[in-house]
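Each remark here refers to the structure printed beneath this line.
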Amino acid sequence: MIVDAHAHLDPRLLDLEPMLAKMDAAGVDRVALIPTINEPLPETPKTLLALTRHAMCHRPTRPLAHLVHRALMTRGGDLRLGGQIVRIHQQPDNEPVARAVAAHPDRFWGWIFLNPATDPQVLDTLERWRAVPGMIGIKLHPHWHDYRTEILAPVLARAQELGLPVLIHLGFGKRGDIRAMATDFPRLHIICAHAGFPLYGDLWRIATGHPRVHVDLSSPYIDEALARAAVRALGARRCIYGTDSPYGFEEPDHTYDYRHILGWIARMPLREDERDAIVGGNLRALLES
Ligand SMILES: [Zn+2]
């Protein structure tokens with residue numbers, strides 16, 4: 001069974017029906033949807049993406065990537081990209097994802113998007129959405145929502161208590177203190193998006209001491225070589241297939257290419273049981289534990 005653990009629901013780019021058709025064509029059984037956090041992005045030039053990725057991978061140049069990121073953020077918390085302002089939703093709307101899950105309960109799960117920086121009732125928001133069938137865990141984005149991960153403590157404590165996994169897109173420095181989160185909440189399953197962006201190898205080293213820290217293999221924030229390196233460093237049991245659809249890898253008609261990241265995993269030198277674990281088994285095991 002193939003489960004995409006990380007995809008966004010933005011019907012402006014990919015509506016549910018064409019998405020289901022793409023899933024069927026690529027053999028993807030189920031997708032865990034995340035509410036939209038941003039207005040559609042202008043296309044990021046591939047060389048810029050590759051350069052920042054390279055800068056982040058190496059500790060001495062990571063501060064440069066951090067500076068670039070700060071320069072792209074406006075005071076209001078939006079992004080300045082390609083000469084335009086791209087709005088970041090401070091409170092992503094969970095409702096459309098809940099509706100998609102209700103309409104296709106056998107094909108979709110949902111992540112509950114929370115932002116503790118702008119939601120004083122964040123624990124109530126969690127209670128409201130976790131009551132909806134098919135909502136499997138919590139999505140957090142301290143990178144674009146621009147908060148220090150220490151303010152997540154009440155949310156992470158509650159998630160740990162409930163056995164809900166957390167999918168987190170880490171930020172730089174105090175906005176992505178995975179060591180503190182994993183140490184303070186040792187029973188919490190944490191999935192770090194995009195192979196541990198922006199720490200990558202440093203995160204994999206930290207994660208070796210924390211068995212409940214995982215990574216997903218989604219998005220052009222990584223490439224095939226990085227995905228392989230993550231699996232080599234962490235082992236197949238700690239890596240989870242995801243896409244970041246509808247953003248990133250495209251078919252010639254500019255819609256999302258559901259086969260791209262599956263191709264990376266198919267080409268990895270792995271046993272069949274390890275491949276099965278990455279493409280679905282690990283996420284399901286973690287939801288059942
Ligand atoms: Zn994403």
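The values are calculated or read from the model by the stated rules, or taken from the named source; none is laboratory data. Values in this document were obtained by computation on a predicted structure and should not be read as measured data. Because the Cβ atoms are built from the backbone with ideal geometry, glycine has one as well, and the counts that use them run over all protein chains shown.
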Legend entry - Unmet requirement for residue 215, which otherwise passes all of (1) within 16 Å of the ligand (Cβ to nearest atom); (2) within 25 Å of residue 16 (Cβ to Cβ): (2)
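Inspect all residues belonging to segment 260-268 and state whether any of them is under 19 Å from residue 171 (Cα atoms) and not hydrophobic (A, V, I, L, M, F, W, C).
Looking only at segment 260-268, we keep the residues that are under 19 Å from residue 171 (Cα atoms), and these are none.
The answer is no; no qualifying residue exists.
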Inset, instruction - Kindly indicate whether residue 188 is surrounded by 15 or more Cβ atoms within 10 Å (Cβ to Cβ) and assigned to a helix (DSSP H, G or I). - result: no
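Say we look at segment 31-53 and pick out the residues that are part of a loop (DSSP other than H, G, I, E, B) and away from the ligand (no atom under 15 Å from the Cβ); which of these is modelled with the lowest pLDDT? Give the derivation first.
Here is the first cut: in segment 31-53, the ones part of a loop (DSSP other than H, G, I, E, B) are 36-37, 39-45.
Now drop any that are not away from the ligand (no atom under 15 Å from the Cβ), which leaves 42-43, 45.
Numbers: 42: 78, 43: 75, 45: 71.
Here the residue is 45.
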Inset, instruction - Could you tell me whether any residue of segment 64-71 is at pLDDT 90 or above, under 17 Å from the mean Cα position of the chain (by Cα) and basic (Lys, Arg)? - result: no
Inset, instruction - For segment 64-105, name all the residues that are in a helix (DSSP H, G or I) and β-branched (Val, Ile, Thr). - result: 68, 97, 101
Legend entry - Residue under evaluation residue 160, criteria (1) loosely packed, with under 14 Cβ neighbours inside 10 Å; (2) polar (S, T, N, Q); (3) under 22 Å from residue 238 (Cβ atoms), criterion not met: (1)
